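Asker: Below is the structure I would like to discuss, written out as structure tokens.
Bear in mind that the values in this text are calculations on the coordinates, not laboratory data. In this text the structure is predicted, and so the values were computed from the model without any measurement. All Cβ positions, glycine included, derive from the backbone under ideal geometry; neighbour counts span all protein chains shown.
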Ligand code: XUL
């Protein structure tokens with residue numbers, strides 16, 4: 001047991017749809033959690049599921065001022081609950097790849113925040129771009145082609161930056177901004193990621209980014225752990241001076257701004273560590289740092305599949321990404337955009353509850369009698385589909401409620417399995433997190449398709465938990481109270497398993513083997529992408 005009883009540790013997770021604060025107490029393993037939903041709480045910003053979708057749904061932005069209001073509100077909750085004076089260190093997690101554009105006033109304004117005024121009122125005029133493109137944006141295909149050409153082809157881009165030039169990543173997004181609005185680009189003094197922007201609000205100055213988030217940009221050399229000169233030059237002019245410092249692993253950025261002490265009751269010694277993306281934070285929250293046998297699936301607004309890497313892969317792939325980790329190593333990740341929103345679409349289309357959705361998965365036969373759906377309701381990231389369309393094969397009729405529920409869920413999990421073949425050995429255990437991890441039908445299906453034991457935990461927001469654990473890890477080790485990642489994870493998660501699903505040999509056979517469902521799905525997908533014959537089923 002940890003004997004420094006004074007400190008609690010705080011993790012924020014600014015996800016697509018909400019802001020969550022998780023406070024952990026290492027003296028007794030307690031976890032406190034508070035969330036604010038953007039659509040509900042801030043209707044003036046007119047978001048749907050946290051974002052603003054323009055026209056043909058390729059341009060997806062959010063207003064960073066909404067995030068600022070949410071930070072202000074959640075800090076007030078922590079003060080009211082009298083938790084803020086007990087926080088020893090804070091870590092931030094945020095949806096990855098979104099960029100925030102600040103003008104030359106930003107540094108001055110952030111350093112002089114007045115504690116008698118709300119946050120937003122003071123920083124309203126520090127933005128050089130009113131809205132931020134977020135991870136759901138897929139409007140930069142042209143810029144991806146340009147960057148790829150400038151860097152000598154896709155294999156080079158993958159080897160250098162860990163990902164092919166990717167529509168939602170900051171590099172292509174910044175290039176598009178520079179091309180479309182050069183005067184505003186000129187007025188931009190700092191381009192941060194969402195995680196560094198939120199951290200900037202806490203420390204009262206422009207914050208660095210970490211390699212968990214910083215490698216998901218197409219701007220860094222992942223082997224050197226630095227911004228890549230060639231990638232920056234392929235993106236936009238004078239980008240170097242606009243980007244924050246890139247830190248390879250967790251570090252303290254110093255103490256909280258005086259504003260947080262005066263307005264929300266934090267102690268002046270409360271430290272803040274560098275922020276990171278939601279997936280690298282989840283890796284910590286699920287106890288996967290240094291672990292190569294277990295993998296994670298996050299069923300959130302996006303579905304992701306990720307884990308640590310034994311060794312850096314060389315770039316012979318066009319899908320998936322490599323990011324840094326809190327301990328300075330590497331993780332892989334695949335992201336699927338048609339995640340919970342696509343499931344929700346089907347659920348609402350047939351007037352079902354989540355309970356009904358799960359029951360259908362638990363009571364219908366694995367394999368959906370050979371019927372297949374490709375659920376590209378919106379542009380898909382993996383595989384790359386820029387013009388969305390929903391495909392149904394094998395006589396799957398649109399009015400067939402059960403067939404469509406099973407169809408979408410099987411498609412999502414089979415796609416995850418097939419597209420992660422490059423990511424090393426298949427896991428024996430998969431840890432599932434995010435809102436969808438509440439759904440026993442989905443857990444069972446994952447165990448069947450992956451032929452693995454599946455576990456979920458009581459804390460559903462493993463990203464916010466991970467951010468809090470990173471803060472605790474940094475702070476306790478600094479004080480000489482040596483705690484490994486695993487010890488901390490055991491304390492907050494291992495004892496709190498919510499559900500376990502086991503695969504049966506018979507069910508697994510339905511998906512695996514020659515001509516079984518995984519290979520049928522693969523053929524259907526190849527056909528839909530124009531890469532193969534019509535499977536004529
Ligand atoms: C990962 C990705 C999403 C976002 C939002 O590459 O784009 O998972 O981080 O959660």
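Asker: Any chance you could run the full-extension gain for residue 181 through residue 477? It's 0.36 nm times the residue separation minus the Cα-Cα distance, nm to one decimal.
Answerer: 101.9 nm
Asker: Before anything else, pin down the relative contact order of the chain: Cα pairs under 8 Å, at least 6 apart, normalised by residue count, whole percent.
Answerer: 15
Asker: If I model a spin label as a point 7 Å beyond the Cα along the Cα-Cβ vector, how far apart are those points for residue 122 and residue 27 in nm?
Answerer: The two pseudo-label positions are separated by 3.1 nm.
Asker: Once a ≥ b ≥ c are taken as the square roots of the eigenvalues of the Cα gyration tensor of the range 133-228, is the result rounded (a/c under 1.5), prolate (a/b larger than b/c) or oblate (a/b not larger than b/c)?
Answerer: oblate
Asker: Using a Förster radius of 35 Å, what is the FRET efficiency between residue 499 and residue 399 based on their Cβ-Cβ separation? Nearest 0.05, please.
Answerer: So, using R0 = 35 Å, E works out to roughly 0.65.
Asker: For the range 173-320, what does the relative contact order come out to in percent, with C-alpha contacts under 8 Å and a separation of six or more?
Answerer: 21
Asker: Another question, then. Any idea how far apart residue 238 and residue 73 come out in nm if each label point goes 7 Å out from Cα toward Cβ?
Answerer: About 3.8 nm, to one decimal.
Asker: Would you please put 499-510, 89-100, 444-455 in order of how densely packed they are, using the mean number of other Cβ atoms within 10 angstrom per residue and starting with the highest?
Answerer: So the peptides 499-510, 89-100, 444-455, ranked by packing, come out 89-100, 444-455, 499-510.
Asker: Could you give the distance between the Cα centres of the range 207-271 and the range 110-178, to the whole Å?
Answerer: Value for the Cα centre distance between the two parts: 14 Å.
Asker: With all distinct Cα pairs included, what does the Kirkwood hydrodynamic radius of the chain come out to in Å, to one decimal, could you say?
Answerer: 23.4
Asker: Under a plain spin-label model, where a point goes 7 Å from the Cα along Cα-to-Cβ, how far apart in nm are residue 352 and residue 486?
Answerer: Going by the 7 Å Cα→Cβ label model, 4.0 nm.
Asker: Now, a different point. Taking the 0 to 90 degree range and rounding to the nearest ten, how far is the long axis of helix 401-419 tilted relative to the main principal axis of the chain, both from C-alpha atoms?
Answerer: 70
Asker: Next question, about the same structure. Indicate the gyration tensor shape class of the range 175-317 (rounded, prolate or oblate), computed on the Cα atoms with a ≥ b ≥ c the square roots of the eigenvalues: a/c under 1.5 is rounded; otherwise a/b larger than b/c is prolate and the rest oblate.
Answerer: Note, shape of the range 175-317 comes out oblate.
Asker: Is the range 338-485 best put as rounded, prolate or oblate by its Cα gyration tensor, with a ≥ b ≥ c the root eigenvalues, rounded for a/c under 1.5, and otherwise prolate when a/b is larger than b/c, oblate when not?
Answerer: Since a/c reaches 1.5 and a/b is larger than b/c, the shape of the range 338-485 is classed as prolate.
Asker: Pulled fully out, how much extra length does the chain show between residue 425 and residue 516, if you take 0.36 nm times their separation in residues and subtract their Cα-Cα distance?
Answerer: My answer for the length gained is 30.7 nm.
Asker: Measure nothing fancy, just the Cα-based angle from helix 340-349's long axis to the longest principal axis of the chain, in degrees from 0 to 90, nearest 10.
Answerer: 60
Asker: Here's something else I'd like to know. How high is the FRET efficiency between residue 108 and residue 224 when r is their beta carbon distance and R₀ equals 30 Å, given to the nearest 0.05?
Answerer: The value I calculate is 0.40.
Asker: Students often check this: by mean Cβ neighbours within 10 Å, which of 286-294, 410-418, 118-126, 356-364 ranks highest, and how do the rest follow?
Answerer: 410-418, 286-294, 356-364, 118-126
Asker: Measure nothing but the geometry: give the 0 to 90° angle between the long axis through the Cα atoms of 517-528 and the longest principal axis through the Cα atoms of the chain, rounded to 10°.
Answerer: 80
Asker: Next up: At q = 0.11, 0.13, 0.17 Å⁻¹, what is the log10 ratio I(q)/I(0) for the range 311-394, with the Debye formula run over Cα points and no solvent?
Answerer: For the range 311-394, the Cα-only Debye profile gives -0.48, -0.64, -0.90.
Asker: Then there's this: Relative to the present Cα-Cα distance, how much length would full extension add between residue 316 and residue 533 at 0.36 nm per residue of separation?
Answerer: This chain segment gains 75.6 nm when fully extended.
Asker: Within the range 158-192, which residues have the backbone N less than 14 Å from the label spot 7 Å out from residue 386 along Cα→beta-carbon, could you tell me?
Answerer: It comes to 165-169, 172-173, 176, nothing else.
Asker: Moving to a separate point now. Based on alpha-carbon centroids, what's the gap between the range 80-99 and the range 377-439 in Å, whole number please?
Answerer: The range 80-99 and the range 377-439 have Cα centres spaced 32 Å from each other.
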